[in-house]
Amino acid sequence: MKHLLDSDFQDYLDGNCPPNDNFIRKHLKTCEMCRRRLEQYNILYAGLNKEIAWVLPDSFADNLIAELPDRTAPLKAVYKFLSSEVFLTFAGIAAALGAVLYYIDFQVFMQFFYDIFKLEFDFTPLREEFTNIITLLNLPGLSFLLSGVLVLLIIGALDRFIIQNLIRT
Amino acid sequence: MSDFNSDDNDLIERITSGDKQAFKEFIERYRRLISHIVFRMVDNTADREDVCQEIFIKAYKNLKNFKFQSQLSTWIGKIAFNSCVNYLRKLKIPMFDDISIEEETFDTVQWENEEHESPEHEIEKRDIANRIKSAVSRLPANHRTIITLYHIDEMSYAQIGEIMELPEGTVKSYLFRARKLLKAKLMKNYQREDIFR
C-alpha cells in the first residue's frame with residue numbers, strides 16, 4: 001500500500017487539497033498508520049496555532065506617542081507668524097500704501113497734502129517706480145490679484161486691531 | 001496590485017495630518033503582528049521593545065509614502081522584518097536560511113541537555129504545547145517567523161513572501177520542512193501513549 005507523504009498531510013490540514021481529490025480521505029479510512037500520523041500533525045498544528053507569550057505592554061502606545069515629533073509644528077509656526085500683530089500691522093501699512101500709490105491720482109491727492117501741511121517731498125517718482133515694476137512683471141491679472149490681496153489684508157488688519165478690540169472691551 | 005481599504009486610507013490621512021490619537025489606533029491595530037515578528041526574530045527580551053519602537057517610528061515617518069500597492073499589514077510587517085534583520089546584522093547574529101544546518105545540533109544538543117533538567121522542567125516536559133514552543137524557538141529565525149505569520153497571524157504564502165522578500169514557493173517549502181522536522185522531533189521524544197493520552 002502506498003502511504004501518504006508528509007506534504008500530503010500538511011496540504012490536507014492547510015486546506016490546500018483540491019476539493020474533488022478524495023484520495024487522502026479514502027486512504028485515511030483504510031490506513032491506521034496514516035491516521036496516526038495525521039493525528040500527530042494535528043497535535044503539532046494545535047501547538048503551533050497557540051498565541052505566543054510575549055506581547056508589547058499596554059502602555060507602549062502612550063509612551064511612543066509622547067515621544068513623537070509634532071507633524072504640524074512647522075505649519076503652526078508659519079500660522080503664528082502670519083497672524084502676529086507685527087506682521088499684520090506691516091502688511092496693513094504696506095497694503096494701504098500700495099493701494100494709494102497704484103490707484104490714486106497723485107497730482108491732485110498730493111497737492112491737497114502739500115497745501116495743508118506745506119510738504120516739499122515729491123511722491124511722483126515713487127509712484128512711477130511702483131508702476132514700472134508692475135509693468136515689468138507684465139503678468140496678466142496681476143493688478144487685480146494684488147488689489148484683491150491688499151483689500152483682504154486691510155480688512156484683516158482692521159478686523160484684528162479695531163473691531164476685535166472694540167468687541168473685547 | 002492595488003489593495004485599497006477605505007478604513008486604512010482614513011486612518012493614514014488622519015495620521016499624516018498630525019492626529020496622534022489616530023497613530024495610537026494604528027499601533028493598537030498592528031501591535032500584535034509586530035510583537036509576533038519581533039518575538040520570533042529578536043531573542044533578547046530587553047531589546048524587543050526598543051526594536052518595536054523603532055519599527056513604529058519608521059512607519060510614522062513613512063506613512064505618507066504608502067501607496068496602497070499592498071495591504072497595510074504587509075507593509076508594516078515588511079518594515080518590522082527588515083528592522084529585525086538590521087538588528088541581527090548589527091549584532092552579527094547569523095540568520096540561517098536552511099534548517100539542515102540546525103537539524104544536527106537539534107538532535108544532539110537540545111534533547112541530551114534536557115535529560116539533566118530540574119524536576120520543574122521534568123513536569124513541564126509533559127506539556128506538549130510547551131515542548132512545541134521550545135522546539136520552534138530552536139529553529140532559525142526566518143523559519144520561526146514564517147511559522148508564526150502562517151499559524152498565528154493567518155497570513156497567506158504570498159503575504160509572508162512579500163514581508164520577507166521571498167518567493168511564495170520558498171515560503172511554502174520552508175514551512176513544510178520546518179513542520180516536518182518539528183513533527184519528527186516531537187515524535188522522537190514521546191512515546192505513542194504520551195502523545196495520545
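The values are calculated or read from the model by the stated rules, or taken from the named source; none is laboratory data. Just so it is clear, the structure is predicted and the values come from calculations on it, not from any experiment. Methodologically, a virtual Cβ is constructed for each residue, glycine included, from the backbone with ideal geometry; neighbour enumeration extends over all protein chains shown.
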Handout entry: Unique match (being more than 9 Å from chain A (Cβ to nearest Cβ), in a helix (DSSP H, G or I) and over 23 Å from B:Cys84 (Cβ atoms)) among B:Asp47, B:Asp10
Key = B:Asp10
Problem - Considering residues of segment B:163-190 that are of a type in the set (Ser, Thr, Tyr) and within 21 Å of B:Gly77 (Cβ to Cβ) only, the residue surrounded by the most Cβ atoms within 10 Å (Cβ to Cβ) - result: B:Tyr174
Problem - Subset tally (residues that are more than 7 Å from every other protein chain (Cβ to nearest Cβ), part of a helix (DSSP H, G or I) and of a type in the set (D, E, K, R)) for segment B:13-36 - result: 4
Exercise for the section: Would you list the helices (runs of 4 or more DSSP H) that sit entirely within segment A:1-103 and hold 3 or more residues that are modelled with pLDDT under 80? Expected result: A:73-82, A:85-103
Practice task
Scan segment B:50-76 residue by residue and report those that are surrounded by 13 or more Cβ atoms within 10 Å (Cβ to Cβ) and in a loop (DSSP other than H, G, I, E, B).
Solution key: B:Phe66, B:Phe68, B:Ser70, B:Gln71
Fill in the blank from the handout: Here, helices (runs of 4 or more DSSP H) confined to segment B:86-189 with at least 3 residues that are modelled with pLDDT of 80 or more are B:128-137, B:141-151, B:157-164, B:168-188
Completion exercise
Pairs returned, first residue in segment B:150-162 that is under 18 Å from B:Ile79 (Cβ atoms), second residue that is surrounded by 21 or more Cβ atoms within 10 Å (Cβ to Cβ) and small (Gly, Ala, Ser), beta-carbon separation under 9 angstrom, 6 or more apart or interchain, are B:Asp153/B:Gly77; B:Met155/B:Gly77; B:Gln159/B:Gly77; B:Ile160/B:Gly77; B:Glu162/B:Gly77
Fill in the blank from the handout: Counted residues in segment B:140-150 being of a type outside the set (Val, Ile, Thr), surrounded by fewer than 22 Cβ atoms within 10 Å (Cβ to Cβ) and within 13 Å of another protein chain (Cβ to nearest Cβ) come to 1
